[in-house]
Amino acid sequence: MFERSYLTKSFTVSDPDARLRQANDLMAFETSDGTIKKIPTATVIRVDAVQRLQAGSNKVALFAHALQESGTPIGWTSTNNLQGRFINETLDLLKPSTGSGKFGPNAAWSRGAYIGQIDLVEIVDAKTEIERIASDTVAPYLEMVGQAKLSGVTVAINSGFRSYPEQKILWDGFDRRLPGFNKAAKPGASNHQNGIAFDIAVAGADGNEVYDWLKQHAPQLGFVRTVSGEPWHWEYDPPRAQQAAERQTYKIPTVTE
């Protein structure tokens, strides 16, 4: 059963300018005698609701409704004011609509073939943007995030599930060599479309603390590198991850760089 991850956690306010927002207008601030109200730094809060506002063509701003640990309401504030900036928190479950087709937002594809509809979960990525991942992968991904955190390492994604139209945009840009477009699979052929692929923020390869942690620990948690030349691309594939672990590696044999 899906549950929003933030409902069971406590958060610490880390921004010294954590301003409170008006409930009926999140772009406006709460004031008292002309002074903007703030939540003191290091305050420990709980969050019982999240709202989003469009902040650009592809971006949203997230706001959390903060409570004292006793449950007393404090008010609305930006999630960027919280330690960790709400990265890796799950937001909403997205189920397929009745009659959804193979080009819809929940349509899964594998090796060029439509394979059905899947449930998706929204999650906050490394850039504090909202990605989607297959609901079946939420628990193992968050387990990996938690294990990395115990080592002082922050694992976060830059990209998760993609719909057919989204993959088509990436493919068309790559195929036409447009600026800003990287290598992409044809629509229907990317593992980002079947729900098992994660582009993880590694900022490089060997020597990056996230990448080095993944190499050492990810296969034991069901994740494995599957694309040569893309150190950020990992897939939740327990059988192949186990095979990699048995070979004392972190990648499938076709990954050579």
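Please identify the helices of the chain, taking whole runs of DSSP H, that span at least 20 Å along their own axis as judged from the Cα atoms and have a mean Kyte-Doolittle score of -1.0 or higher. Before the final figure, lay out each step's value.
On the way: long enough: 135-150 (24 Å, 0.14).
Counting only whole DSSP H runs, the qualifying helices are 135-150.
Taking a 23 Å limit on the Cα-Cα distance, which of the listed pairs Lys149/Lys215; Lys9/Lys127; Lys168/Lys215; Lys9/Lys251; Lys95/Lys251; Lys9/Lys149 fall beyond it?
On the way: Lys149/Lys215 15 Å; Lys9/Lys127 21 Å; Lys168/Lys215 31 Å; Lys9/Lys251 34 Å; Lys95/Lys251 32 Å; Lys9/Lys149 15 Å.
The pairs that break the limit, which is 23 Å between Cα atoms, are Lys168/Lys215; Lys9/Lys251; Lys95/Lys251.
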Stretch gain in nm, segment Asn158-Thr72, where the contour uses 0.36 nm per residue and the Cα spacing is subtracted: 27.5 nm
Rounded to whole Å, give me the distance from the Cα center of the range 188-257 to that of the range 1-56. 35 Å
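Taking the Cβ-Cβ separation of Glu209 and Lys102 as r and a Förster radius of 35 Å, what is the calculated FRET efficiency to the nearest 0.05? All intermediate terms of the calculation are to be shown ahead of the outcome.
On the way: r = 40 Å, r/R0 = 1.15.
Plugging the Cβ-Cβ distance into 1/(1 + (r/R0)^6) gives 0.30.
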Residues with amide H under 5 Å from that of Ala108, placed H, sequence gap 5 or more: Ile115, Gly116, Gln117, Ile118
Would you list, by chain and number, the aspartates and glutamates whose Cα falls below 15 Å from the Cα of Lys102, excluding same-chain residues fewer than 8 positions away? Asp119, Glu166
Just to check I understand the Karplus step: with θ = phi - 60° and J = 6.51 cos²θ - 1.76 cosθ + 1.60, what whole-Hz values come out for the range 182-190, glycine and proline as x? 9, 4, 8, 6, 5, x, x, 10, 7
By how many nm would the segment from Asp92 to Lys59 lengthen if fully extended, with 0.36 nm per residue of separation less the alpha-carbon distance? 10.2 nm
With N residues in the range 5-81, Rg(alpha-carbon) / (2.2 N^0.38 Å) equals 1.07
Extension gain (nm, one decimal) between Ala28 and Gln220, 0.36 nm per residue minus Cα-Cα: 64.4 nm
Enumerate the calculated ³J(HN,Hα) couplings along the range 218-229 in order (Karplus 6.51 cos²θ - 1.76 cosθ + 1.60, θ = phi - 60°), each rounded to whole Hz, writing x wherever the residue is Gly or Pro. 4, x, 5, 9, x, 10, 8, 7, 10, 10, 5, x
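Which order do peptides 133-145, 110-122 fall in by mean Cβ count within 10 Å, highest first? Don't skip to the end; give the middle numbers.
Values: 133-145: 18.0, 110-122: 16.0.
Descending packing order for the listed peptides: 133-145, 110-122.
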Taking a spot 7 Å from the Cα of Asp48 along the direction of its beta carbon, which residues of the range 59-102 have an amide N less than 12 Å from it? 65-75
Kindly list the residues of the range 183-213 that lie in the label zone of Asp136, defined by a backbone N under 13 Å from the point 7 Å along the Cα-to-C-beta vector. 194-197
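A short reminder: the numbers here are calculations on the coordinates, not readings from a lab. Bear in mind the structure is a predicted one, so any value in this text is a computation, not a measurement. Note: ideal-geometry Cβ built from the backbone for every residue, glycine included; neighbour counts use all protein chains shown.
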